[in-house]
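First comes the structure, then the notes that go with it.
The values are calculated or read from the model by the stated rules, or taken from the named source; none is laboratory data. Predicted model, so just to flag it, every value in this text is computed and none were measured. A quick note on method: Cβ atoms are made from the backbone with ideal geometry, for glycine too, and the neighbour counts reach across all protein chains shown.
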Ligand code: MN
């Protein structure tokens, strides 16, 4: 692989799935794993087998069925965890055991009640044991970014000698900043003698909203694997969002000359599937996959978009597989956009009629934030019906058959307030 190739390690099914409210059944995990395969991720972390028999079974079924990507699973530095992990990935075409232990003094003292020496020994033992089951072993130093750097370098050096092939240095609690992260990866790679023999990996959490920025900084510091999740789901504020990293690399390839294997047009379908399976939607203004990510309501913006999309868009919705319905009609919209939407609905309006329709729609927008197609049909029909009625009683306007709701609104208030 080229030195600029960055591996995408998707942990939607592990870190994402273990967040409150995001758990999935085995059949759903399999369905998502197939989509992640279509998306083109390099590694799928499929679960944490020791967590439950169902988790182990799901990892094993994914390892059996999904053949292209590496299938990884998580294990603490305990024999039982590692044995369960080895069983779970045994059927894989390419299976990875991902073992971890915390290296910060805070975690060692408060959580694990271990000395640094005990931690080092457990890490080395776990990696050696894992290597008996697969030659693809990833070691993570949990809370790496808050660990003593001298000790962290000792651990990393020791686990590389024990056979680890990927070294992940997580910002477990989302405490780092981009400049910290760049310096951190640069220093560790300089200090560890065999750093060139392994792939360094980043795993950032979004507690300060810096997960994506930190992940990119880690890559600039030499990391060649990024751990991330679809929609940025994960513990607490979540993980780095896969779609944001991939599109940052794509749109700003002038600044980030890194290659990833992801199929961009599968980004939105993947996001939708995660939303559907977990029942947890993304915020409307979420970058890349939010409902408003490619939508424009303000008249000046709509006018620009109608003239040339590049005025207010740096990438195309179609490029990430999202539908492009850019003009949202609301009270900030202009007449041009209203006219265009009417035309799309088969309604040619102009001149005084357009002015009247526009005013009626803006009245609705004052009350309801967004104008729907039903509102438009109802208003046009109302305006035309009133004119037709005055001019030629009994005339049936072809557009005077809106939805029942629209019709009702017309009777109630003329131009479709309420409903
Ligand atoms: Mn995590």
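Taking the conditions exactly as written (surrounded by fewer than 24 Cβ atoms within 10 Å (Cβ to Cβ) and under 17 Å from the mean Cα position of the chain (by Cα)), does residue 81 satisfy them or not? Let's see the steps before the verdict.
Details: surrounded by fewer than 24 Cβ atoms within 10 Å (Cβ to Cβ): yes; under 17 Å from the mean Cα position of the chain (by Cα): no.
Criteria not met by residue 81.
Which of the residues that make up region 255-283 are free of Cβ contacts under 8 Å to residues at least 40 places away in the same chain and under 13 Å from the mean Cα position of the chain (by Cα)?
Selection gives 272, 281, 283.
Take the residues in region 195-208 that are more than 14 Å from the ligand (Cβ to nearest atom), in contact with a helix residue (DSSP H, G or I) (Cβ under 8 Å, 6 or more places away or on another chain) and not in a helix (DSSP H, G or I), then tell me which one is nearest to residue 322 (Cα to Cα).
Top of the filtered list is 200.
Could you check region 314-371 and list, in sequence order, the residues that are on the phi > 0 side of the Ramachandran plot and without any contact (Cβ under 8 Å) to a residue 12 or more places away in the chain?
346, 351 - these are the residues of region 314-371 that are on the phi > 0 side of the Ramachandran plot and without any contact (Cβ under 8 Å) to a residue 12 or more places away in the chain.
Of all the residues that make up region 209-236, how many are within 14 Å of the ligand (Cβ to nearest atom) and over 17 Å from residue 10 (Cα atoms)?
Residues flagged as within 14 Å of the ligand (Cβ to nearest atom) and over 17 Å from residue 10 (Cα atoms) within region 209-236 amount to 1.
Look at residue 5 and say whether it is modelled with pLDDT of 95 or more and closer than 21 Å to residue 173 by Cβ. Break it down into steps so the answer makes sense when it comes.
Working: modelled with pLDDT of 95 or more: yes; closer than 21 Å to residue 173 by Cβ: no.
Judged against the criteria, residue 5 is not a match.
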